[in-house]
Amino acid sequence: MGLYDRIVLPKLLKMACSTRPIMKQRAKVVPKAEGRVLELGIGMGLNLAFYDPAKVREVVGVDPSPELREIALAAPRPDALKVTVEDGTAEALPFEDGSFDQVVCTFTLCSVCTPARALAEARRVLKPGGRLLFCEHGLAPDADVQKWQRRIEPVWKRIAGGCHLTRPVASGIAASGFRMDKVETMYLPKSPRFAGWNEWGSATPA
């Protein structure tokens, strides 16, 4: 891993992923988590402040980046919240089947290598009746925005840690074996439209 990935990229990701519109989206999804929770791609731990320790027994986060895991461990969170951060990728989770009540996935599917595999792993580690809570940016519904997404994506991926702009969100989750319980959508305010299409909600294994 080069100097850019180790030092520059974490700073850029923190700036991009902690804007006010994105943090407002996190606040809509994360407080709904309950029980033992797995967070895919915990990154810098920006979600930790939004968990309710009265409902969440433990948050286990996975991320392949040692730099981001270190930041996550120091991220603000409620004093009573139990947090564990482990090395791992979303496509090969180091946990037994049926280990978690819920899986939280926010602004992660855009950058994993294989979204379908990551979602299959999320299904595997969920207990019967478990739930996926998600909030992701991705392929916009408007043709003119899609055109710019496809033009910008090759450069965007190189500077943004492998982040894709054209991955479908809810339809991709549904195609990976989940039943959509609730989906909401919008372009995030004060965000470029090519990166601002957001879909969030919950799903259960079909």
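Expressed as a whole percentage, what fraction of the accessible surface of the chain belongs to carbon and sulfur atoms when a 1.4 Å probe is rolled over the protein heavy atoms?
For the chain, the apolar C and S fraction of the accessible surface comes to 57 percent.
Straight-line reach from K157: which lysines have a Cα under 21 Å away, not including same-chain ones fewer than 8 places off?
In chain and number order, the partners are K11, K14, K147.
For segment 104-120 and segment 21-74, what is the centre-to-centre distance using only Cα atoms, to the nearest Å?
15
At 222 nm, what helix-only mean residue ellipticity would the chain give, in deg cm²/dmol to the nearest 500, using -39500 (n - 2.57) for each DSSP H run of four or more? Walk me through the numbers on the way to the answer.
On the way: 7 runs with 65 residues, N = 206.
Only helices count here, giving -9000 deg cm²/dmol.
Rounded if a/c is under 1.5, else prolate if a/b beats b/c, else oblate: with a ≥ b ≥ c from the C-alpha gyration tensor eigenvalues square-rooted, which is segment 67-113?
oblate
Quote the Stokes-Einstein diffusion coefficient, in whole µm² s⁻¹, for segment 1-92, based on the Kirkwood radius over alpha carbon pairs, a temperature of 25 °C and a viscosity of 0.890 mPa s.
The estimated diffusion coefficient comes to 181 µm²/s.
Report the Rg/Rh value for the chain, based on alpha-carbon coordinates and the Kirkwood definition of Rh.
0.94
Most mobile of A122, A174, A140 per a Gaussian network model of the chain (Cα springs, under 10 Å)?
Among A122, A174, A140, the largest GNM mean-square fluctuation belongs to A174.
How high is the relative contact order of segment 100-194? Use alpha-carbon pairs under 8 Å, at least six apart in sequence, and give a whole percent.
32
How many Å² of accessible area per residue for the chain, probe 1.4 Å?
48
The values are calculated or read from the model by the stated rules, or taken from the named source; none is laboratory data. Owing to the predicted nature of the structure, the values given are computational and were not obtained by experimental measurement. The area values use the complete protein model at the heavy-atom level, side chains included, leaving out ligands, DNA and RNA. Shrake-Rupley method; radii C 1.70, N 1.55, O 1.52, S 1.80 Å.
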